[in-house]
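The values are calculated or read from the model by the stated rules, or taken from the named source; none is laboratory data. Only a predicted model underlies this, so the values are computations on that prediction, with no experimental measurement involved. Here the Cβ is made from the backbone with ideal geometry for all residues, glycine too, and neighbour counts use every protein chain on show.
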């Protein structure tokens, strides 16, 4: 299985996730049915995730990303003059 390089992809809208998840799935050499089987969900659920990821729960997206060997990283948007201070 050939892996994509460690290129970071900036995602600003949920709609951008579908094509990117599809590309990573194909890069991993997995069909929708194979990925669905690994996750214990239907192929139709994978189709829905790739078509409309904004309707998926974050938990489900995290499961898919983990299966595809992806990690999520958050960082301040450098286009914003001064990002708000974090309060926890």
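When the range 22-37 is examined, which residues are found to be surrounded by 15 or more Cβ atoms within 10 Å (Cβ to Cβ) and in contact with a helix residue (DSSP H, G or I) (Cβ under 6 Å, 6 or more places away or on another chain)?
Matches in the range 22-37: 22, 25, 32, 35, 36.
Assess whether residue 41 counts as being over 24 Å from residue 8 (Cα atoms), in contact with a helix residue (DSSP H, G or I) (Cβ under 9 Å, 6 or more places away or on another chain) and surrounded by 16 or more Cβ atoms within 10 Å (Cβ to Cβ).
Here the answer is yes, as residue 41 does meet what is asked.
For residue 16, which of the numbered conditions (1) at pLDDT below 95; (2) in a loop (DSSP other than H, G, I, E, B); (3) surrounded by 12 or more Cβ atoms within 10 Å (Cβ to Cβ) fails to hold?
Result: residue 16 fails condition (2) only.
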